[in-house]
1. In whole Hz, with x marking every Gly and Pro, tabulate ³J(HN,Hα) for the range 140-151 from phi via Karplus 6.51 cos²θ - 1.76 cosθ + 1.60, θ = phi - 60°.
2. In nm, give the distance between the simple-model label positions of MET1 and ARG13, each being 7 Å from the Cα along the Cα-to-Cβ direction.
3. Counting helices only, and only those DSSP H runs with n ≥ 4, report the 222 nm mean residue ellipticity of the chain as the sum of -39,500 (n - 2.57) divided by its residues, in deg cm²/dmol to the nearest 500.
4. Normalised by the number of residues in the range 119-265, what is the relative contact order in percent for Cα pairs under 8 Å and 6+ residues apart?
5. Given a 1.4 Å probe, how much area per residue of the range 222-265 is accessible, in Å²?
6. Which residues among the range 66-97 fall inside the zone where the amide N is under 13 Å from a point 7 Å beyond the Cα of THR43, along Cα→Cβ?
7. Take every DSSP beta bridge with both residues inside the chain and express the antiparallel ones as a percent of the total, to the nearest 5.
8. Among TYR256, LEU122, PHE135, which residue has its Cα positioned farthest towards the positive end of the charge dipole of the chain, with +1 placed on the Cβ of Lys and Arg, -1 on the Cβ of Asp and Glu, and the dipole taken about the Cα centre?
Amino acid sequence: MDRKLGINSNCIRGMKELDVLPLIKEAGFVSFFTQAYTVSEVTALKEQADKLGLFYESVHAPFRGINPIWLSGMDYLPIYRGLKESIDACAQNDIPIVVMHLSSGWKAPEINDLGLARYDALVEYAAERGVTIAFENLRKIGNVAYFADRYANVPNVGFCYDCGHEHCYTKYISWPDIFRNRIVFTHIHDNLGRGDEETGDPDLHWLPFDGTKDYAFMMRQLDRYGYEGTLSLEAANHTRPEYLAMTPKDFLATCYERAAKIAKM
């Protein structure tokens, strides 16, 4: 299968995403996603992408401060407004997918009716604007699995399969077996996995094949459930000294080589 390859545009520390886009194109990638989510930022990136012939495929909604969305009071409003703006940014720029987190940390709040009502409102808001929300797997297995059932018949809800999070947070769970044919996007990166302790953060965001993730198994799982979408790296050149020693151009060329190797598995 001839798969599309993508990457995040904030992968080079110290460079503006607008300046990284030409290097992404030169490396051979055909699509990208951003953590920029405001309407003004996304619009500027979309204009640059259109000039370069790059597909702006996804916006990653803000996630810092996500836990208050499950709590009473008004502390949830800043993150909720950010989530809505990320939907607006996608809708106004014909970007099909917004990726969202459900919670943060090992001791995230439990699912409750208050938080569910807020996410239901976001799902409805996105549907009205023709945007697909892709919920991403993180630490809490039950939270994401619950959402897979809750929105099983909602056309504009899918899932972002993050293989790095799977490997280091929930290594005994194969998320494609839960998401099945509802995977609409991927975040691909590597790490060393984890044991059963709940301390520290093993989410290293290394390039594929620098850690211990089994990508051959990952691809068999994606093929099993018919995923034909983009293989999108979620890379960061500051995560290892040898990456920082590369020029941005060489780093992105290496990223492309690793993604292309996975695509052939």
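The values are calculated or read from the model by the stated rules, or taken from the named source; none is laboratory data. What you see is a predicted model; the values in this text were computed from it and never measured. We place every Cβ from the backbone using ideal geometry, glycine too, and count neighbours over all the protein chains shown. Only protein heavy atoms, including side chains, enter the accessible area calculation; ligands, DNA and RNA are left aside. Shrake-Rupley method; radii C 1.70, N 1.55, O 1.52, S 1.80 Å.
1. So the Karplus estimates, Gly and Pro as x, are 8, 4, x, 4, 6, 4, 4, 5, 4, 7, 4, 10 Hz.
2. Between MET1 and ARG13, the simple spin-label model gives 3.5 nm.
3. The per-residue figure over the chain is -12500 deg cm²/dmol.
4. After rounding, I find 19 percent.
5. I get 49 Å² per residue for the range 222-265.
6. 88-94
7. Values: 1 of 27 bridges.
Of all bridge pairs located within the chain, approximately 5 percent are antiparallel.
8. The residue sitting farthest along the positive end of the dipole is TYR256.
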